[in-house]
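Visitor: Below is one structure. I have some questions about it.
Where a number appears in this text, it was derived from the coordinates with a stated rule and is not lab data. The shown structure was predicted, so the numbers you read here are calculated from the model rather than taken from an experiment. Virtual Cβ from ideal backbone geometry, glycine too; neighbours counted across all protein chains shown.
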């Protein structure tokens, strides 16, 4: 029997858009150092979002200089922050039964979240997701690039370029890109979650 979510219109869905900053690119050896979530319920962005720095463990400090330069996160900012088990429980509370979404979430963010789930024995809803990168590549293969800021530029969204690569700033921009994509998908007859899945095949 198909999940009832599949018949749900995208514009009526409850979604948790999220982004991570990490110590590197590899979930098996690197760790999450920042998590941010913005909720989008029935096509409305909720509140100011949530962001939390994460102590990655002493064996993952000091951070590589390129990570500090990219994210603006320093070792000093991570001292005294909660560990991933505590942050993951809060993340799970926020996500609840929402569909999760993000830019390149399938290839990057979900791999880190699922590895963290395995380490800490905490399950977060991650089976149902929307990847704004995959959507943009399908909607507009003609574009030279599909990075998050390029998607924002395409849809005419105002954002603070200097703030990008902060998880919360990226998540806020991604939520606005997602809403623009949902509107564009409607014009192509892609209305439900199942329609979107079929559209991406």
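Visitor: When 68, 35, 105 are ordered from fewest to most other Cβ atoms inside 10 Å of their Cβ, what list results?
Guide: Ranked by crowding around the Cβ, least crowded first: 68, 105, 35.
Visitor: Now for a different question. Counting DSSP beta bridges in the chain, what percent are antiparallel, to the nearest 5?
Guide: 75
Visitor: Also: Quickly estimate the mean residue ellipticity at 222 nm for the chain, helices only: each DSSP H run with n ≥ 4 gives -39500 (n - 2.57), and the total goes over all residues, rounded to 500.
Guide: Helix contribution divided over all residues of the chain: -11500 deg cm²/dmol.
Visitor: Averaged over all directions, how much area does the convex hull of the C-alpha atoms of region 78-201 cover when projected, in nm²?
Guide: Reported value for the Cα convex hull: 8.9 nm².
Visitor: By per-residue mean of other Cβ atoms within 10 Å, what is the highest-first order of 173-181, 94-102, 22-30?
Guide: 173-181, 94-102, 22-30
Visitor: Mind pulling the angle between the C-alpha long axis of helix 167-187 and the longest principal axis of the chain? Nearest 10 degrees, somewhere in 0 to 90.
Guide: Long axis of 167-187 versus the principal axis of the chain: about 10 degrees.
Visitor: How would you rank 138, 106, going from fewest to most other Cβ atoms within 10 Å of each one's own Cβ?
Guide: Listed from fewest to most nearby Cβ atoms, that is 106, 138.
Visitor: Can you compute the label reach from residue 83? Point 7 Å from Cα along the Cβ direction, backbone N cut-off under 15 Å, restricted to region 45-69.
Guide: 54-61, by backbone N distance to the label point.
Visitor: Need one word for region 60-107: rounded, prolate or oblate. Basis is the Cα gyration tensor (sqrt eigenvalues a ≥ b ≥ c); a/c below 1.5 gives rounded, then a/b vs b/c decides.
Guide: Note, shape of region 60-107 comes out oblate.
Visitor: Distance between Cα centroids, region 119-133 to region 95-116: provide it in whole Å.
Guide: Computed from Cα coordinates, the inter-centre distance equals 4 Å.
Visitor: Need one number: nm distance between label points at residue 119 and residue 199, each 7 Å from Cα along Cα→Cβ, rounded to one decimal.
Guide: Each label point lies 7 Å from its Cα, and together they span 3.5 nm.
Visitor: Still on this structure, I have one more. What is the log10 of I(q)/I(0) for region 22-102, computed with the Debye formula using one identical point scatterer on each Cα and no solvent, at q = 0.16, 0.21 Å⁻¹?
Guide: Values returned for q = 0.16, 0.21 Å⁻¹ are -0.67, -1.01.
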